[in-house]
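Colleague: Here you go, one structure.
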There are 2 protein chains.
Amino acid sequence: MPDEFQFIAGLKRKFDLNRIGDDCAVLPFSADSDLIVTADMLVENVDFRFEWASPESLGHKALAVSLSDIAAMGGEPLWALISIAVPKERWDDGSLDLFYDGWHRLALSFGVELVGGDVSRTEGQFVVDSVVGGQVPRGKAILRSGARPGDSIYVTGSLGGAAGGLRLLEEGDNSRPGSTALLRRQLNPQPQVNIAKYLQSEHDITSMIDVSDGLSSDLRHICTASNVGAKIEAELLPVDVGLAEYFGIEESMQMALNGGEDFELLFTSRKNNISSVESGTITRIGEVTSNVGIIEFIRQGKNCILDPGGYRHF
Amino acid sequence: MPDEFQFIAGLKRKFDLNRIGDDCAVLPFSADSDLIVTADMLVENVDFRFEWASPESLGHKALAVSLSDIAAMGGEPLWALISIAVPKERWDDGSLDLFYDGWHRLALSFGVELVGGDVSRTEGQFVVDSVVGGQVPRGKAILRSGARPGDSIYVTGSLGGAAGGLRLLEEGDNSRPGSTALLRRQLNPQPQVNIAKYLQSEHDITSMIDVSDGLSSDLRHICTASNVGAKIEAELLPVDVGLAEYFGIEESMQMALNGGEDFELLFTSRKNNISSVESGTITRIGEVTSNVGIIEFIRQGKNCILDPGGYRHF
């Protein structure tokens, strides 16, 4: 059976779907702006667990993951649809009020308006589909496909924290000092909308994606879409500072490479000196190469080939 | 506990959501056009059953219900997102290929492009969220809220057929002559996009909705949004001609009044002589009154008050 990326690639070919395959679809609409839209489906016990996430934090996260897709195009989020299907118990126990409270608090902070959606019922699992629409200046959406050999590769913030938080939750170990920051990375992700708008307007960004599947997978997506390779250096990676004391150096590095859901931005630029700004830190981690499809990983002077890791549903 | 309509009304009040409550949200975007968007969540064993609907016909229906919402605004559908969550068996057995085949066949006939979506996994139920975007000339979306006393009330096509088809499926009785047409009404609904565009451009339509919940409920939605009442006549209702032989006159009338999923258009106009056109039949069924919130139903010279029927998830 195909995995989910192969399945989507197959749909694209079969039906000649040219707008699928980036963080958002880009649709021309007016003389000044393009419309961008994205959808994210979250399923209980698959994409989240109520043992770990309150309904409020689920509401926050459902919106955050879609805002992160808008950010990855350099866009401005404007409106959203929420479709939910919930079991009878969750309808009756007030969970939905808390879900929408968490959703709305984050929406307010980015000026996003809830304009529609749907409600249905399930036999067990809570399912939410989060759709967000936004805009970018016409023709200025930052795609995955513009990276060119010689471009520098950058990432915002730090990597691996969300995977570390997930591991703590899985192990039931969330009371030690320092765990709070990792748990927040997993349960309360912050979409990098503001730094994305800064990058879009101030710098010559050639490609961008959000780190949702994991750095190795998401860098692979850029390389595939741009028909290039990449070389990144272990010593440059902004590994989350809270990871090492729990998991040691080696596992922390694996989490930074393959852990998903950090919702940072991974991007490329002709410029090699983009530095941090008020809205967030930016780190140069390597460069784009002409070695098509190959991601080289340099660590302690040794050079190996990085296979894409990260979570898949199928 | 609130029912789903009360819940949505509560959300609107709490968060001051002014764009929620019609078939689509209407969003200004360019000087010439407004963007309209809608979402419909379908859940296995709640909104459909694979014993009755093939994956192909589910793909068709998932799109049809959203196209019907676009039609209800007098709009032109343009693009769509599909988010699905499926159990492992359905991923492995080829159901998804058939689902997208059915979806795409209908999409092609209306020039709708699949531009995105998401894939996740469930423990049991197949869940699909269908999102469709489209456009209407700026300021020309037909809302539920424009009906005025004295307007004529119209419906396209015929009513009750989808409910009859559902009953045949529930009773396992689908082999008798004439059942095919009823089953098609339930499993293979046809969105009235073309007649809606004709109505939008040629007539002074004051309000419109699609018959998804059932005539009595959907007429109530128009009355509530427009702050009016309505009077409809039994003898004028275009009851599906295939119903009477299976269910008798009385039950057929109930299906026409309360059966959902016909996906016809219910609309009002100052004009009292709108007649059928090439793209479909149109029947005048009554008129708008100033009797706020009251739907009168006249049958054999007797006048009673119609309570809203139809399906609800909660």
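Colleague: I'd like the full set of residues that are aliphatic (A, V, I, L, M) and surrounded by fewer than 24 Cβ atoms within 10 Å (Cβ to Cβ), limited to region B:38-51.
Modeller: B:LEU42, B:VAL43, B:VAL46
Colleague: Specify which of the listed residues (B:GLN125, B:GLN200) is within 25 Å of B:TRP103 (Cα to Cα) and touching a residue at least 60 places away in the same chain (Cβ under 8 Å).
Modeller: Working: B:GLN200 fails: within 25 Å of B:TRP103 (Cα to Cα).
Going through B:GLN125, B:GLN200 in turn, just one is within 25 Å of B:TRP103 (Cα to Cα) and touching a residue at least 60 places away in the same chain (Cβ under 8 Å): B:GLN125.
Colleague: Of all residues in region A:38-55, which are at the interface with chain B (Cβ under 8 Å from one of its Cβ atoms) and touching a Leu at 6+ places or on another chain (Cβ under 7 Å)?
Modeller: Across region A:38-55, the qualifying residue is only A:ALA39.
Colleague: Tell me which residues, restricted to region A:163-198, are open to solvent by less than 10 Å² (accessible area, probe 1.4 Å) and over 20 Å from A:HIS221 (Cα atoms).
Modeller: Selection gives A:GLY164, A:GLY165, A:LEU168, A:SER179, A:LEU182, A:PRO189, A:VAL193, A:ILE195.
Colleague: Could you identify the single residue in B:GLY164, B:GLY146, B:GLY157, B:GLY111 that is on the phi > 0 side of the Ramachandran plot and more than 14 Å from every other protein chain (Cβ to nearest Cβ)?
Modeller: Residue meeting the stated conditions: B:GLY157.
Colleague: To continue, here is another question. Report those strands (runs of 3 or more DSSP E) wholly inside region A:245-314 carrying at least 3 residues which are loosely packed, with under 14 Cβ neighbours inside 10 Å and within 14 Å of chain B (Cβ to nearest Cβ).
Modeller: Those strands (runs of 3 or more DSSP E) do not exist here; none qualify.
Colleague: Moving to a separate point now. Just the residues that are at the interface with chain A (Cβ under 7 Å from one of its Cβ atoms) and over 22 Å from the mean Cα position of the chain (by Cα), please, taken from region B:4-30.
Modeller: Answer for region B:4-30, where residues must be at the interface with chain A (Cβ under 7 Å from one of its Cβ atoms) and over 22 Å from the mean Cα position of the chain (by Cα): B:LEU11, B:PHE15, B:LEU17, B:PHE29, B:SER30.
Colleague: Count, please, the residues in region A:271-293 that happen to be at pLDDT 95 or above and more than 27 Å from A:LEU67 (Cβ to Cβ).
Modeller: 5
Colleague: Next question. State all residues of region A:172-227 that are over 24 Å from B:SER120 (Cβ atoms), outside any loop (DSSP other than H, G, I, E, B) and of a type in the set (Asp, Glu); if no residue qualifies, say none.
Modeller: A:GLU202, the sole residue that qualifies.
Colleague: So if I check each of A:LEU35, A:LEU78, which one is under 19 Å from A:VAL136 (Cα atoms), surrounded by 23 or more Cβ atoms within 10 Å (Cβ to Cβ) and within 13 Å of chain B (Cβ to nearest Cβ)?
Modeller: Just a single option satisfies the conditions, and that option is A:LEU35.
Colleague: Which of the residues that make up region B:117-140 are part of a loop (DSSP other than H, G, I, E, B) and more than 13 Å from chain A (Cβ to nearest Cβ)? Walk me through it before giving the result.
Modeller: To start, the set of residues in region B:117-140 that are part of a loop (DSSP other than H, G, I, E, B) comprises B:122-126, B:138-140.
Residues satisfying the conditions are B:GLY139, B:LYS140.
Colleague: Give me the residue from region B:233-244 that is part of a loop (DSSP other than H, G, I, E, B) and touching a helix residue (DSSP H, G or I) at 6+ places or on another chain (Cβ under 7 Å) and, out of that set, surrounded by the most Cβ atoms within 10 Å (Cβ to Cβ).
Modeller: It comes out as B:LEU243.
Colleague: Does B:LEU17 qualify as being among the aliphatic types (A, V, I, L, M) and touching a Phe, Trp or Tyr at 6+ places or on another chain (Cβ under 7 Å)?
Modeller: Details: among the aliphatic types (A, V, I, L, M): yes; touching a Phe, Trp or Tyr at 6+ places or on another chain (Cβ under 7 Å): no.
For B:LEU17, the condition - among the aliphatic types (A, V, I, L, M) and touching a Phe, Trp or Tyr at 6+ places or on another chain (Cβ under 7 Å) - is not met.
Colleague: Is it true that A:SER68 is surrounded by fewer than 21 Cβ atoms within 10 Å (Cβ to Cβ) and more than 10 Å from chain B (Cβ to nearest Cβ)?
Modeller: No.
Colleague: Quick check: anything in region A:145-157 in a loop (DSSP other than H, G, I, E, B), among the aliphatic types (A, V, I, L, M) and open to solvent by 60 Å² or more (accessible area, probe 1.4 Å)?
Modeller: no
Colleague: Okay, moving on. So the check is Cβ under 7 Å with 6+ separation or different chains; which pairs have a first residue in region B:11-33 that's on the phi > 0 side of the Ramachandran plot and a second one that's outside any strand (DSSP E or B) and surrounded by fewer than 17 Cβ atoms within 10 Å (Cβ to Cβ)?
Modeller: Between residues of region B:11-33 that are on the phi > 0 side of the Ramachandran plot and residues that are outside any strand (DSSP E or B) and surrounded by fewer than 17 Cβ atoms within 10 Å (Cβ to Cβ), the close pairs are B:GLY21/B:LYS12.
Colleague: Name the one entry in B:GLY134, B:GLY117, B:GLY139, B:GLY124 that is open to solvent by 20 Å² or more (accessible area, probe 1.4 Å) and touching a Leu at 6+ places or on another chain (Cβ under 6 Å).
Modeller: B:GLY117
Colleague: Continuing with the same structure: Would you pick out the residues in region B:81-100 that are open to solvent by less than 10 Å² (accessible area, probe 1.4 Å), more than 10 Å from chain A (Cβ to nearest Cβ) and in contact (Cβ under 8 Å) with a residue 40 or more places away in the chain?
Modeller: Of everything in region B:81-100, those that are open to solvent by less than 10 Å² (accessible area, probe 1.4 Å), more than 10 Å from chain A (Cβ to nearest Cβ) and in contact (Cβ under 8 Å) with a residue 40 or more places away in the chain turn out to be B:SER95, B:PHE99.
Colleague: Since A:GLY178 meets every condition but one in (1) without any contact (Cβ under 8 Å) to a residue 24 or more places away in the chain; (2) over 18 Å from A:GLU51 (Cα atoms), which condition does it not meet?
Modeller: (1)
Colleague: Does A:ASP210 satisfy the criteria of being charged (D, E, K, R), within 22 Å of A:ILE8 (Cβ to Cβ), in contact with a strand residue (DSSP E or B) (Cβ under 7 Å, 6 or more places away or on another chain) and buried (at least 23 other Cβ atoms within 10 Å of the Cβ)?
Modeller: It is true that A:ASP210 is charged (D, E, K, R), within 22 Å of A:ILE8 (Cβ to Cβ), in contact with a strand residue (DSSP E or B) (Cβ under 7 Å, 6 or more places away or on another chain) and buried (at least 23 other Cβ atoms within 10 Å of the Cβ).
Colleague: For region B:213-232, give me each residue that is of a type in the set (S, T, N, Q) and crowded, with 17+ Cβ neighbours inside 10 Å.
Modeller: Our first condition is that a residue be of a type in the set (S, T, N, Q); within region B:213-232, this holds for B:216-217, B:224, B:226-227.
B:SER216, B:SER217, B:THR224, B:SER226 - these are the residues of region B:213-232 that are of a type in the set (S, T, N, Q) and crowded, with 17+ Cβ neighbours inside 10 Å.
Colleague: If A:SER54 satisfies every condition in (1) touching a residue at least 60 places away in the same chain (Cβ under 8 Å); (2) open to solvent by 50 Å² or more (accessible area, probe 1.4 Å); (3) hydroxyl-bearing (Ser, Thr, Tyr) but one, which is the exception?
Modeller: Tallying (1) touching a residue at least 60 places away in the same chain (Cβ under 8 Å); (2) open to solvent by 50 Å² or more (accessible area, probe 1.4 Å); (3) hydroxyl-bearing (Ser, Thr, Tyr), A:SER54 fails exactly one: (1).
Colleague: Given the structure, is A:PHE297 modelled with pLDDT of 95 or more and within 24 Å of A:ALA64 (Cα to Cα)? Talk me through it step by step, then tell me what you get.
Modeller: Values: modelled with pLDDT of 95 or more: yes; within 24 Å of A:ALA64 (Cα to Cα): no.
In short, no.
The values are calculated or read from the model by the stated rules, or taken from the named source; none is laboratory data. Since this is a predicted model, take the numbers as computed values, not measurements. Every residue, glycine as well, gets a Cβ built from its backbone with ideal geometry; the counts of neighbours run over all protein chains shown. Side chains are part of the model used for accessible areas, which takes the heavy atoms of the whole protein and leaves out ligands, DNA and RNA. Shrake-Rupley method; radii C 1.70, N 1.55, O 1.52, S 1.80 Å.
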